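Trainee: One structure, pasted below without further comment.
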Amino acid sequence: MYRFPYSEILEDAPETGREREREAIDRALSLLRDVERQGLKGAERTEAVGLVQDLWNVLIADLLNPENGLPEGLRADLVAIGLWTMREVGEVLSAPERSLAALIDVNSSIREGLR
């Protein structure tokens, strides 16, 4: 699993930080897609959804940091997406029959934006 302190990303060159963000999102998306495709329940589903939750916890914290260099409007939009993601994670965890498609679609769009 891709686990690393976000502070390490911030210390690196912006290109390296973006690459690490892409890798983390790619890993989360891979797990989500596997779970959705295979209809997995239980620990596999919880792990995949939990990784998305952990990822967005880190991203939101960074976006709320006043030293974040992104434009304020973009930061606000990304925080809103992150908060929606967190709500959707809660819904998915409480309803095992719920599709992961929305989480996959939104996080795929964010991933594409990191080019």
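Derivation of every value follows stated rules applied to the coordinates shown; laboratory data play no part. Source: prediction; values computed, not measured.
Trainee: Once the Cα gyration tensor of the chain is diagonalised, what are the square roots of 5 times its eigenvalues, in whole Å and ordered largest first, as equivalent ellipsoid semi-axes?
Mentor: Semi-axis lengths for the chain are 25, 15, 12 Å.
Trainee: Note the angle between two axes, namely the Cα long axis of helix 14-38 and the longest principal axis of the Cα atoms of the chain, as a number of degrees from 0 to 90, rounded to the nearest 10.
Mentor: Helix 14-38 sits at roughly 10 degrees to that axis.
Trainee: If you don't mind, another one. As a check on your grasp of the helix formula, calculate [θ] at 222 nm for the chain: sum -39500 (n - 2.57) over DSSP H runs of n ≥ 4, divide by the residue count, round to the nearest 500.
Mentor: When only DSSP H runs of four or more count, the value is -26500 deg cm²/dmol.
Trainee: Okay, next question. Once you keep just the Cα pairs under 8 angstrom separated by 6 or more residues, what percentage relative contact order results for the range 38-115?
Mentor: That works out to 30 percent.
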